[in-house]
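Report on the following structure.
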Amino acid sequence: MDDHWFSAPFCVSNSNMNRLVYWVSPLLKHTARRLKLRFLCLVILLSVSFDFCHAGTPSQEALESFLQKFCSDELEGRLIKQDSGKEACLMLETWLKENQIQPLGAKDGSYLQPFSDGSNLIGVVYPKGQEGKAPKILLTAHYDQYFMFGRPDKAEIENGAADNAAGVAVVLFALKAAAQHIQAPVAVALWSGRSCGEEGSLYFANNPTFPLEELGLMIEVDIVGLTFYPGFEKYTFAYGADSGGEALLADISEQSHGLKLLNLSQHIGRNWGRATSSFHRFKKPHVLFTDGRGSVDKSKYDKYESLDLAKVHLVQQMITNLTIAASKPERNYVYSLPDKSSLEDAYTLDYWLSEVRAFGAANNMDQATLVKLRKRMRTVKSIIDNESSSYNSYTRDSINMVEEHSRSYMYKSKKKSTK
């Protein structure tokens, strides 16, 4: 019986071995092909992932490291016409070179555009095959500090973390993150001379280092990472997006994940005195993102430790995504300038003041300020009811009032914490 069992088909004879190879071989080949295909897909995936990381979605740590150095005591506030301002300029020039941003300054091969009181820095990123074309998008921020020619008291350095080291970090790292995904050239301009009445941006507007005809959108960041009160961490202002019509407003809204944008018209933005005012005559769509002066701007408390870094990252991500979206060939914002301030400003201001009032008690808002606040809210309601639009200065005064109280609130908090 045992011999009979060994002579069964299970016996590993030559014929049985051939029969086994005949049936198993195709299965093994199929399995091998599947394994090979999976391995190939894994290699491609790892390659793409490596390229993406290598091209540089910048990490939060890298942005924070740059920002901490750029508003450090060593740079002494990046004052114009001082050694600290020159050192800040050199640091920015080095960063642009290291991150392979192409120079677009006053001379070939240079990032610099010198003028009487300082120097702007201009660079550009080209998508493959579009080298030498005029930029479609311009990202801007000023890098100098507030005081004109020096500090009155060297014992207390005004580091200018929110104003505007964070703004510089946001536009640089937004450009770096978008670099591998843009479909049109994107330029970056870092202004000096902000403390001298927009001198750097005005000089560039009068002496552009690249043709402005193809420019379809200017994005400016000035003061970011501040919060008026606890509870307002996600709020930020967007001035002038109406200059690009409904299309630009929609794109900004779509990309503002995690932020609560307060849109105000370009009329108010023009009166705000930022660099975008230097470009109004060119009639180009533009938007300014800012947190307002908040509680520490232009004070010794405007330090790295005072920044809301989570908010800085959110603004950077928003501008990265907006830059990518705006670079698409089908995105051509049409410049729009209403005859007067949009009534939407009143609705925005009404909402914002209502939020301020809601947080007033929690943030120790004094009775006198609450009375002023209620009065302004009634006036805004009247503007809405009468569909009036003559309130540019009134809107700014209302925002200034809240900023001043926010500053006072912060100083009181600081004094309590030091006792």
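Sub-8 Å Cβ pairs linking a first residue in region 125-140 that is over 16 Å from ARG331 (Cβ atoms) to a second residue that is of a type in the set (S, T, N, Q) and modelled with pLDDT of 95 or more, at least 6 apart or interchain, are VAL125/GLN102; TYR126/GLN102, ordered by first then second residue.
Looking at region 198-220, is at least one residue under 28 Å from ALA310 (Cα atoms) and either in a helix (DSSP H, G or I) or of a type outside the set (A, V, I, L, M, F, W, C) (or both)? Give the derivation first.
In the first step, residues of region 198-220 are kept if they are under 28 Å from ALA310 (Cα atoms); the result is 217-220.
With the extra rule that they be either in a helix (DSSP H, G or I) or of a type outside the set (A, V, I, L, M, F, W, C) (or both), the set shrinks to 220.
Yes: one or more hits.
For ALA141, the requirement of being within 24 Å of ILE319 (Cβ to Cβ), in a loop (DSSP other than H, G, I, E, B) and touching a Leu at 6+ places or on another chain (Cβ under 9 Å) is not met.
Regarding region 312-328, can at least one residue be identified that is modelled with pLDDT under 90 and in the same structural domain as ALA166 (by TED's automatic domain parsing)?
First, the residues of region 312-328 that are modelled with pLDDT under 90: none.
No, every residue in region 312-328 fails to be modelled with pLDDT under 90 and in the same structural domain as ALA166 (by TED's automatic domain parsing).
Can you pull out the residues in region 49-85 that are at pLDDT below 90 and among the basic types (Lys, Arg)? Scanning region 49-85 gives ARG78, LYS81. If we scan region 215-226, do we find a residue that is of a type outside the set (Asp, Glu), over 21 Å from ALA184 (Cα atoms) and surrounded by fewer than 20 Cβ atoms within 10 Å (Cβ to Cβ)? No, region 215-226 contains no residue that is of a type outside the set (Asp, Glu), over 21 Å from ALA184 (Cα atoms) and surrounded by fewer than 20 Cβ atoms within 10 Å (Cβ to Cβ).
The values are calculated or read from the model by the stated rules, or taken from the named source; none is laboratory data. Just so it is clear, the structure is predicted and the values come from calculations on it, not from any experiment. All Cβ positions, even for glycine, are placed from backbone atoms using ideal geometry, and neighbour counts span all protein chains on display.
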